[in-house]
1. Output ³J(HN,Hα) for region 160-167: one whole-Hz value per residue in order, computed from phi by the Karplus curve 6.51 cos²θ - 1.76 cosθ + 1.60 with θ = phi - 60°, and x for Gly and Pro.
2. Between Pro119, Pro49, Pro61, find the one with the highest GNM mean-square fluctuation for the chain; connect C-alpha pairs within less than 10 Å.
3. Expressed as cubic angstrom per residue, what is the convex hull volume of the alpha carbon set of the chain?
4. Mean separation of Cα pairs under 8 Å and 6+ residues apart, divided by the residue count of region 62-169: what relative contact order is that in percent?
5. How much area per residue is accessible in the chain when the probe is 1.4 Å and only protein heavy atoms are counted (Å²)?
6. Using a Gaussian network model of the chain with C-alpha springs under 10 Å, which one of Ile112, Ile67, Ile33 is most mobile by mean-square fluctuation?
7. Leaving out ligands, DNA and RNA, and with a 1.4 Å probe, what % of the accessible surface on region 33-104 is carbon or sulfur?
8. Kindly express, to the nearest 10 degrees and within the range 0 to 90, the angle between helix 2-14's C-alpha long axis and the longest C-alpha principal axis of the chain.
Amino acid sequence: FSVLSFALLFVTISFGQAAVDIPLSGTDGTTTIPLAVGLDLTATPGIDPGLGESDLPPFPPAGVFDIRFDLFPYAGSALSTLNDYRNAPAFPYTGVVEHTLWWQTSAPGLAIDFVYTLPTGASMTITDQIGGSFLTLGPFTGSGTAVIPGSYTAIFAKAFVVMDYTNIG
């Protein structure tokens, strides 16, 4: 029993969870990929293995759905991950954090269902990378699904996920 307890404690310390962990997922109707954003006192703009972040390999061949967060320019280099946690200098935290969502649909023009569960104190907006001229979804609160239309995914492979936090944590 004590060995098991020690092992669980080690795993919890080695692969901790962010202080504010917001589950998300994306699908184009073929595969659902779990994602997450959030805040932690120890997070950096890059890869934080202690929070479960890891750099992903390049996209799979065309015809396979993939969705992830692009960490450039936030991390200063070309990295991508399924979980994108950022630093909160203190909790409760109030501020805006931008994440870049990057995808490849399994066929041209498929919509992406972006499922979210936002805690109290968080709202989310999804916009294109040029000021919202082609895409503005939200703001969203609570739980639901934001649909990134196929007319947008056929032309663009990225969008901003803007998280607005008010006294969270």
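The values are calculated or read from the model by the stated rules, or taken from the named source; none is laboratory data. Since the model is a prediction, treat every value here as computed from it, not as a measurement. Cβ coordinates were reconstructed from backbone atoms using ideal geometry, including for glycine residues, and neighbour counts include every protein chain displayed. With ligands, DNA and RNA removed, areas are computed over all heavy atoms of the protein, side chains included. Shrake-Rupley method; radii C 1.70, N 1.55, O 1.52, S 1.80 Å.
1. 8, 9, 9, 9, 10, 9, 10, 6
2. Of the options given, Pro61 has the highest mean-square fluctuation.
3. 135 Å³
4. 34 percent
5. About 49 Å² of surface per residue is accessible.
6. For the chain, modelled as a Gaussian network with Cα springs under 10 Å, the answer is Ile33.
7. Here carbon and sulfur together make up 67 percent of the probe-accessible area.
8. Between the helix axis and the principal axis of the chain, the angle is about 50 degrees.
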